[in-house]
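So the structure is just underneath, and the comments pick up after that.
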Amino acid sequence: MFQNLEALTSIQPTITVQRSQSTFSEQSSQPIITAKKSPVWNENDHTLPLGWKSRPEGNGTQKIFLSPKGYELKSRRLALKHMVGFGYPEEEIEQMRQFLYYENWMDDKSLPHLWKMKKSGNDVCFVSREGDLMESHSQAYTYIQKNPKSYTQEDLLRIQYVSRMVQKSTEEVRKQSQFQERSQANGKIQNLAQPREVSQGKFRVQGQSLTRIQTSQGQARLHSTPSQNRMQSQSQVRSQNQGRSPGMISTLKQPR
């Protein structure tokens, strides 16, 4: 019995070594190598200040921007904020501010100094001269009120005026589209209400040609036109009477 136990204990390390060797051989035969490709940056993007780079992101509709100091930013607006915060030269900051045009940011003389705006539904988004984003006019009010050293009461009035003009314009566009929709609907109703002539039947009554018209609404009406023979006889009488004296014409009209 003890001999069998000694045999089992002597075999166990061998089995363990064999399993560990097998496991090691499996791992070593299939090494996992991960090589991450470095992104390709566009160094000639004319929508960026000199020294900045860009590359496409996602499906290609968006871009990532690389600053000269190696910072990656997801928009030109964030790049502007980065440049203001890191103290870039004012000329380069102004260039980036102008390039916000490519992200649909617009200038307006009614805005605070160096601000940008973008219409968003029935409201307006703003970018301050520091590069901060306000997604509504109420956020712009709060931003100005929290920075009394940089902004004044006049800036609040400017934001109020711009937002009111944008809302007024949006309301006028909405009313105009509703009016056009009603006009188109009324035109379709009138076209449906007009009777369409679907069948005709002609017959003569005492020298007149009558046309019976059956409409799509079940109504019928008669349209009379002089017959061709009657029209010819009348024209012949007029031609014969030309050149005759009134007495002769009256004698001809008297019944015999």
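What follows is calculated from the coordinates using simple rules that are stated; it is not laboratory data. In this text the structure is predicted, and so the values were computed from the model without any measurement. Every residue, glycine as well, gets a Cβ built from its backbone with ideal geometry; the counts of neighbours run over all protein chains shown.
What is the log10 of I(q)/I(0) for the range 76-119, computed with the Debye formula using one identical point scatterer on each Cα and no solvent, at q = 0.14, 0.29, 0.30, 0.33 Å⁻¹? Summing over Cα pairs of the range 76-119 leads to -0.31, -1.09, -1.13, -1.20. If R0 is taken as 35 Å, the Cβ-Cβ distance between Glu103 and Leu156 corresponds to a FRET efficiency of 0.85. Would you mind computing, in nm to one decimal, how far apart the modelled labels at Thr142 and Glu90 are, each placed 7 Å from Cα along Cα→Cβ? So the two model labels end up 3.2 nm from each other.
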